1. Under a straight-distance cross-link criterion of Cα-Cα below 16 Å, which aspartates and glutamates are reachable from Lys300, leaving out those fewer than 8 residues away in the same chain?
2. Taking mean projected area of the Cα convex hull in nm² as the quantity of interest, determine which of [x] 17.1; [y] 24.6; [z] 25.7 was computed from the displayed structure.
3. Quick check for me: using +1 on Lys/Arg Cβ and -1 on Asp/Glu Cβ, what's the dipole size of the chain about its Cα centre, in debye to the nearest 20?
4. Place +1 on the Cβ of every Lys and Arg and -1 on the Cβ of every Asp and Glu in the chain, take the dipole about the Cα centre, and give the residue among Ala288, Ala266, Leu225 whose Cα lies farthest towards its positive end.
5. If you build a Gaussian network model of the chain, linking Cα atoms that sit under 10 Å apart, which residue out of Phe209, Phe142, Phe200 swings the most?
6. What length, rounded to one decimal in nm, is gained on full extension from Lys120 through to His211, with 0.36 nm per residue of separation minus their alpha-carbon distance?
7. Amide H to amide H, which residues 5 or more places from Ser157 or on other chains are under 5 Å from it, using H placed in the peptide plane?
8. Under a GNM of the chain (C-alpha, springs under 10 Å), which listed residue has the highest mean-square fluctuation: Ile112, Ile182, Ile307?
Amino acid sequence: MMKSFVFPGNLDPHIRQMGADPIPYMRTEQFSKINKESERILLDLIHCRNGRTILYTGSGTGAMSAVVENYVSTKKKALVIDGGSFGHRWFQLCEYYQIPVYDYQVAFAKDINYTDLEQKVKAEQPEVLLCQHHETSTGQLFNLEKISRICRQHGASLVVDVISSFLAEELDMDALGIDICITSTQKGLNVPPGLSVLFFSKRLNGYQFTHKGFYWDFDENFDNLKRGQTPFSPATTIFLQLHARLKQLEAQGGEKSNIEMVRHRAEIFRKECGKYGWEVMAEVPSFAITGFQTHEKNAKAIFNGLIEKYETFIMPGNRPGFYRVSHMGLQTDEELTELAAHIHEFEQA
């Protein structure tokens, strides 16, 4: 049986089965009711009171592009925290849309020098700061409280990609003063990939967004979501799976139990990393994943060996011998211990 330690991980059997069910028609009052309820629960989970959401049929990068097209393009200058592949994507998007941007680079798996960051923000005077909460390519968790304080001190709007930290790390959007957050379904929400979610603070109610992208247009989506619908054909089944998952989380008391579960798994696997002498690379690691450096002798021997012998998937990194294991989805302590043993089996191959 296949085991997944990549995103979204092993799915709840009930939610997985929904993917095989007949697909209902989406332009109905029932579908609208489901989507409105999903919005309510999502806003509760991220603590965005009186805010709004947009649910796109598209990946997280699509949502990032939407933010740059509709919102960042209204600003004179952006500053991007570029700490890995996904932070760099913010920079690429700003360059693509010809938005003046300062690329604040952070070394691989290192934390930000927050004093230096504040000096750069003071010097560059960006109107918006774009960052990840958790840089998924390295496993590094950034301190949003410090970033938020810098933004408030210097009048910069804060936009955060929380795609791999949502439901894995404590996150209070209102308390942090974040204007826009982005997530997607295949990480902490633990449903299939295909939907991305934008959260908008109440501070942006009435904001005059621009209209530089037809599919991603904010105002068009807001108008349709007032009635629980999307302007274009949605990934109907994933919308239904998302709603079912959100109802599960609500029944479990919200995000805290999920965060505690993810943290426990991370602690279990990191003990195994210590046992085999693997370095957890992130200076401040997120609980969402463990990024670790193995002693692999032959390129991708671990990755390919796990698939071929055990039907098990982990995430390769952009450095030889560097791998990442997700702590989301269904997994037991025993499975994590077994996974580490299997990785060790192939690192000398």
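A short reminder: the numbers here are calculations on the coordinates, not readings from a lab. Every value quoted in this text rests on a predicted model; they were computed, and no experiment measured them. Because the Cβ atoms are built from the backbone with ideal geometry, glycine has one as well, and the counts that use them run over all protein chains shown.
1. Candidates past the 8-residue exclusion: Glu308, Glu311, Glu345, Glu347.
2. Checked against the structure: label [x].
3. The dipole magnitude comes to about 600 debye.
4. Going by the Cα projections, it comes out as Leu225.
5. Sorting by GNM fluctuation, first place goes to Phe209.
6. Values: separation 91, 0.36 × 91 = 32.76 nm, distance 3.02 nm.
In short, 29.7 nm is gained.
7. Long-range HN contacts for Ser157: Val128, Leu129.
8. Among Ile112, Ile182, Ile307, the largest mean-square fluctuation in the Gaussian network model of the chain belongs to Ile307.
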